[in-house]
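Before any comments, here is the structure.
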Amino acid sequence: MILLTTLKKLKIGIIISPLEMLLPVLLLVFMIIYPDVVQADSQSAGAVITTETPSAVLYQNPFTPEEDEKDGAINENGYKVLFFPQGDPFTPLLADPRQPTSNISYFLGSNNHYGQFDGTFGADIGVVRWESETSGINKSIQIGVMGAAFSRFAFVQTATFLESTDFIIGLPISIRYNKFSARIFFYHDSSHTGYNYTNLLNLNKNTDYGQELLQIIPSYDLTRYFRIYAGGAYRVVGLGYYPSAQDSLIGQAGFELYSPEWKSSYSRAYMALNIITQGINGYTPSEDLQIGILTHRPASWIQFRTAIDFYNGYSPMYDFPFLKEDYIALGAYFDF
């Protein structure tokens with residue numbers, strides 16, 4: 001539905017049938033089923049299959065790194081302490097436009113009459129983690145630092161202008177107990193608009209401001225290939241636009257669907273949907289659908305993604321909270 005809505009609003013001059021709209025979904029389902037069929041055929045032919053089916057969770061056992069006893073001190077209660085550990089018990093939300101990560105995305109089409117692209121630099125750094133000696137990260141609690149700078153640029157005539165930059169920095173607490181995980185994230189967000197850009201296009205420029213938010217997102221892995229999450233955030237402090245508690249509430253939910261890993265390339269396909277509703281916008285949903293390929297380095301937690309993004313809703317740039325946007329973007333993402 002988000003695909004059709006976005007394409008209609010962008011006025012792309014192609015005729016799309018309901019069957020064509022289902023093609024991305026059918027393709028991903030095929031990629032999930034096909035490896036199992038091949039494995040079953042190989043086993044029936046007497047082949048020995050030793051590879052494990054990957055988890056649906058990005059960082060949960062995508063490989064088995066060697067143990068390094070120097071990384072942690074073993075406690076008597078069966079838990080060990082790791083300083084500056086790799087990975088995060090709560091894996092990043094792939095389709096969340098406010099997920100601190102590093103990426104660059106070019107807009108293939110939008111409801112604006114000029115070119116645009118996004119550039120983000122960010123990271124999730126674990127500081128200390130308590131994890132089970134036997135289950136590892138699957139039973140763990142982690143405290144870290146997470147932040148990013150989200151920037152959007154516009155091509156207007158022959159010049160490039162900065163539309164806006166949002167800065168996020170905060171302290172996440174991540175928890176995982178087998179299939180259940182959650183993230184508690186208290187962070188500061190400040191927004192800064194490019195003045196030349198707003199003056200050139202005569203836009204309603206909202207003043208630069210900062211806000212403090214508390215976000216809680218629980219997540220559950222229904223299967224090895226399917227993850228759901230639902231939670232929200234509350235603006236503890238927000239200048240200018242949030243006179244009531246209802247205006248400060250933000251709801252968030254979504255899912256992530258993965259294919260089995262292609263062992264030869266350390267890759268897998270995925271489809272992710274993120275929905276955000278804000279009290280300041282009357283809880284009108286903003287939807288982000290992302291379809292792509294995820295690749296990890298052997299024996300490393302670093303992830304690389306290429307994806308196409310379909311967005312329909314209010315601007316994720318907080319200096320334009322009432323601006324409606326519809327776009328299709330092609331992006332490259334680095335999760336570390």
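Applying the set (1) in contact with a strand residue (DSSP E or B) (Cβ under 7 Å, 6 or more places away or on another chain); (2) closer than 28 Å to residue 186 by Cβ; (3) not charged (D, E, K, R) to residue 117 leaves exactly one unmet item: (2).
Apart from one condition, residue 173 fits all of (1) in contact with a Leu (Cβ under 7 Å, 6 or more places away or on another chain); (2) closer than 20 Å to residue 98 by Cα; the exception is (1). If you go through the stretch 287-298 and keep only what is of a type outside the set (Asp, Glu) and either in a strand (DSSP E or B) or modelled with pLDDT of 95 or more (or both), you end up with 289, 290, 291, 292, 293, 294, 295, 296.
Say whether the condition of being surrounded by 17 or more Cβ atoms within 10 Å (Cβ to Cβ), over 19 Å from the mean Cα position of the chain (by Cα) and assigned to a loop (DSSP other than H, G, I, E, B) is met by at least one residue in the stretch 299-319. Yes, that holds for at least one residue. If you go through the stretch 243-286 and keep only what is at pLDDT below 95 and charged (D, E, K, R), you end up with 247, 261, 263, 268. Screening residue 107 with (1) over 20 Å from the mean Cα position of the chain (by Cα); (2) of a type outside the set (A, V, I, L, M); (3) in a strand (DSSP E or B) gives one miss only, at (1).
Being at pLDDT 95 or above, assigned to a strand (DSSP E or B) and out of contact with any Ser or Thr (no Cβ under 9 Å at 6 or more places or on another chain) is a description that does not apply to residue 155.
Taking each residue of the stretch 309-334 that is free of Cβ contacts under 8 Å to residues at least 24 places away in the same chain and looking for partners that are part of a strand (DSSP E or B) with beta-carbon atoms closer than 9 Å, six or more apart or interchain, yields 315/152; 315/164; 315/286; 315/324; 315/325; 323/314.
The values are calculated or read from the model by the stated rules, or taken from the named source; none is laboratory data. Since this is a predicted model, take the numbers as computed values, not measurements. Because the Cβ atoms are built from the backbone with ideal geometry, glycine has one as well, and the counts that use them run over all protein chains shown.
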